[in-house]
């Protein structure tokens, strides 16, 4: 289908975004802390308004998010294998101490529903977690892939996200005990559906094709081919750093995922359309270290749709890396 036909005949934001050439790089929201809680369906557009969300839990989550304890919250769909009757799984991932890092630290609990609100409050304060230790789960060796299938938030997430979830969950995760695949509520950027967020690293991918999703789940293939699906790393605080990092991924390959990294903006112009970025890195054992410096600048715009429906198209700036070099 030609681009103009997609624009005229559909109001699916993801199809319009792809047809317009809307680059997902730089669209991953950054966070220091993430909270995920199993919530039974059905889910409303605002998942905290759903029937499975008690008033006490809603109040605890909202208070914790407003206080800045968690920058990101999503609901997780209960799973026949991962879930347990009468319990709810809670995933809490937090940035390690300030400085370079590669992955978020994870705490995981499987708690009776009556303790959910108090656990959230205790995680947020932070308080004494010893009374919840009996519910603690050790999943330190497990990767979690959260596929957005929140169709009541945007139809694209259900229509395009569910097939990706279904394939990864029952073809890949079913054969790999070190991989879990979840259906999740809104993670942001539904115009990039199908999209997923993977932990413990905190990487976003979008506009996914089935083959690319499989390659990413299995950690194989060429990152040069997969880079066009990359949205960004939550550990970087700006879209400029995320866009620059995509170029580094291509150069460094899969080993890059394990490197401790830290980004910073060296200079940004007045209208924030151009930035000098530096990304420092080192391997966990310290045997490899270095830095990249890049120039990221605006490169035109596209007309796209933020959410599916009848809203007018909006202009979105696009960026490119016009220079990148390894400086140490």
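The values are calculated or read from the model by the stated rules, or taken from the named source; none is laboratory data. Quick caveat, the model's predicted, so the values are computed rather than measured. Please note: Cβ atoms are built from the backbone with ideal geometry, for glycine as well, and neighbour counts cover all protein chains shown.
So which residues in the range 22-39 are in a loop (DSSP other than H, G, I, E, B) and either touching a strand residue (DSSP E or B) at 6+ places or on another chain (Cβ under 6 Å) or surrounded by 22 or more Cβ atoms within 10 Å (Cβ to Cβ) (or both)? Of everything in the range 22-39, those that are in a loop (DSSP other than H, G, I, E, B) and either touching a strand residue (DSSP E or B) at 6+ places or on another chain (Cβ under 6 Å) or surrounded by 22 or more Cβ atoms within 10 Å (Cβ to Cβ) (or both) turn out to be 22, 23, 24, 25, 26, 27, 28, 31, 39. Screening the candidates 219, 153, 175 for the property of being farther than 19 Å from residue 43 by Cβ and touching a residue at least 24 places away in the same chain (Cβ under 8 Å) yields one hit, 219. Looking only at residues of the range 274-316 that are outside any strand (DSSP E or B) and in contact with a strand residue (DSSP E or B) (Cβ under 8 Å, 6 or more places away or on another chain), we find that the one that is farthest from residue 159 (Cα to Cα) is 288. Pairs linking a residue in the range 274-296 that is under 14 Å from residue 248 (Cα atoms) to a residue that is assigned to a loop (DSSP other than H, G, I, E, B), with Cβ atoms under 6 Å and 6 or more positions apart or on different chains, are 281/259; 290/328; 291/327; 291/328; 293/327. Does residue 72 qualify as being over 27 Å from residue 296 (Cα atoms) and not assigned by TED's automatic domain parsing to the domain that holds residue 182? No, not satisfied.
The set of residues in the range 171-187 that are under 13 Å from the mean Cα position of the chain (by Cα) and assigned to a loop (DSSP other than H, G, I, E, B) comprises 185, 186, 187.
Each row is one residue, and each column tells you yes or no for (1) within 23 Å of residue 205 (Cβ to Cβ); (2) surrounded by 14 or more Cβ atoms within 10 Å (Cβ to Cβ).
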site: 65; (1), (2): no, yes
site: 102; (1), (2): yes, yes
site: 109; (1), (2): no, yes
site: 115; (1), (2): no, yes
site: 120; (1), (2): no, yes
site: 134; (1), (2): no, no
site: 145; (1), (2): yes, yes
site: 152; (1), (2): yes, yes
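Each residue in the range 246-273 was checked for being in a strand (DSSP E or B), exposed (fewer than 13 other Cβ atoms within 10 Å of the Cβ) and in contact with a helix residue (DSSP H, G or I) (Cβ under 8 Å, 6 or more places away or on another chain), and 0 pass.
The condition (being touching a helix residue (DSSP H, G or I) at 6+ places or on another chain (Cβ under 6 Å) and either free of Cβ contacts under 8 Å to residues at least 24 places away in the same chain or surrounded by fewer than 17 Cβ atoms within 10 Å (Cβ to Cβ) (or both)) is satisfied by just one residue among 208, 226: 226. Checked against (1) modelled with pLDDT under 95; (2) touching a helix residue (DSSP H, G or I) at 6+ places or on another chain (Cβ under 9 Å), residue 110 passes all but condition (1). Candidates 61, 147: the one that is closer than 16 Å to residue 34 by Cα, in a strand (DSSP E or B) and free of Cβ contacts under 8 Å to residues at least 60 places away in the same chain is 147.
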